[in-house]
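One structure is given here, and the rest of the page talks about it.
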Amino acid sequence: MRLKDGNFYTDSRTNKVYRLNEDNKGSWYLSSHDDEDNNQMSRTSGRNMMKMLKSFYNKVNDS
């Protein structure tokens with residue numbers, strides 16, 4: 001698995017869509033795609049983000 005800034009993922013528990021983001025320090029976080037506030041979750045390392053995505057999220061296919 002490779003992380004890519006700007007990819008979208010759906011939370012398998014809630015069906016909510018999130019955008020994967022990388023900050024300028026190389027940390028990764030998900031921001032909610034459908035919130036007006038564009039709320040951000042905690043930042044984490046790439047390795048931890050990959051584990052979280054594999055466990056709870058499904059990548060949204062590009063059409």
Any residue at all in region 26-46 that's at pLDDT 95 or above and of a type in the set (Lys, Arg)?
no
Could you grab me the full set of residues in region 10-31 that are part of a loop (DSSP other than H, G, I, E, B) and either in contact (Cβ under 8 Å) with a residue 60 or more places away in the chain or of a type in the set (Val, Ile, Thr) (or both)?
THR14
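Among the residues of region 17-33, which ones are surrounded by 14 or more Cβ atoms within 10 Å (Cβ to Cβ) and more than 12 Å from THR44 (Cβ to Cβ)?
Of everything in region 17-33, those that are surrounded by 14 or more Cβ atoms within 10 Å (Cβ to Cβ) and more than 12 Å from THR44 (Cβ to Cβ) turn out to be VAL17, TYR18, ARG19, SER31, SER32, HIS33.
The values are calculated or read from the model by the stated rules, or taken from the named source; none is laboratory data. Remember, predicted model here, so these are calculated numbers, not experimental data. Note that each Cβ is placed from the backbone with ideal geometry, even for glycine, and that neighbours are counted across all protein chains shown.
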